[in-house]
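Beneath this line is the structure, given in structure tokens, with notes to follow.
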Amino acid sequence: MPDKQVYEYAIVRFYPQVERGECMNVGVVLFCKAMRFLGFRYAVDENKFSSFSKHHTLEDVKQNLDAFQKIVKGEKDSGLIGEQDMASRFRWLTAKRSTIIQASEIHPGYTENPKKTLDRIFEEMVL
């Protein structure tokens, strides 16, 4: 059995009106340095979204989350941030900001399998 390693994760949230502070959990980003893992999962409940947001389209929010995913994967079209190492990309994605897509504070834990841990947290916090 592999040793457990430290990981960090944040909940990714959609804020339809930032100034109101209301949000909807839409994703999870997880980083495990020792296992060289950076992953992101997201889903937007369309029924909840339509009753929650009157100012943004579902397509706009999904485009923002797709950009988030490109940065996580370090894809070529993810800009300068996507060219950084995993730790730098994770820190940039979880930095405090005042936009419609924001990350929660960072939470630590221990894992033997960061992909399974990401899936579990995603199911508990987003689905």
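Between their Cα atoms, which of Lys73/Lys115; Lys33/Lys73; Lys33/Lys115 are more than 20 Å away from each other?
Details: Lys73/Lys115 14 Å; Lys33/Lys73 15 Å; Lys33/Lys115 13 Å.
Beyond 20 Å between Cα atoms: no listed pair.
Need the list of aspartates and glutamates near Lys96 for cross-linking: C-alpha distance under 14 angstrom, and skip anything on the same chain fewer than eight residues off.
Cα-Cα hits under 14 Å: Glu105.
Sort 108-118, 47-57 by the packing proxy (mean of other Cβ within 10 Å over each peptide's residues), most packed first. Don't jump to the answer; show the numbers that get you there.
Values: 108-118: 15.5, 47-57: 12.1.
Descending packing order for the listed peptides: 108-118, 47-57.
With charges set only on the Cβ (+1 for Lys and Arg, -1 for Asp and Glu), what does the dipole of the chain come to about its Cα centre, in debye to the nearest 20?
220
Given a cut-off of 31 Å, name the pairs among Lys54/Lys76; Lys54/Lys116; Lys76/Lys116 whose C-alpha atoms lie farther apart than that in the structure shown.
Distance filter (> 31 Å) returns Lys54/Lys76; Lys54/Lys116.
Would you look at the GNM of the chain, springs on alpha carbons closer than 10 Å, and say which of Glu75, Glu46, Glu105 moves the most?
Fluctuation is largest for Glu46.
Taking amide H positions as placed in the peptide plane 1.01 Å from N, state which residues far from Arg41 in sequence (5 or more) or on other chains have amide H under 5 Å from it.
Residues meeting the criterion, in which the H sits 1.01 Å from N, are Val28.
Please identify the DSSP H helices in the chain that span no less than 18 Å along the helix axis (Cα) and have a mean Kyte-Doolittle hydropathy of -0.5 or more.
What comes out of the filter, once short or polar helices are dropped, is 58-73.
Using only DSSP helix segments of four residues or longer, with each worth -39500 (n - 2.57), what per-residue ellipticity at 222 nm results for the chain after dividing by its residue count and rounding to 500?
For the chain, the value works out to -10500 deg cm²/dmol.
What ranking do 31-39, 93-101 get when scored by the average of other Cβ atoms within 10 Å per residue, highest first?
So the peptides 31-39, 93-101, ranked by packing, come out 31-39, 93-101.
Below 11 angstrom from the Cβ of Phe68, what's the summed charge of the other residues (Lys, Arg +1; Asp, Glu -1)? Mind showing how you got there, number by number?
Working: positive: Arg41, Lys62, Lys70, Lys73, Arg89; negative: Asp66.
With Lys, Arg at +1 and Asp, Glu at -1, the neighbours total +4.
Values in this text are rule-based calculations from the coordinates and carry no lab data. Note that the coordinates shown come from a computational prediction; the quantities given were computed from them, not determined experimentally. Note that we place each Cβ from the backbone using ideal geometry, even for glycine, and neighbour counts take in every protein chain shown.
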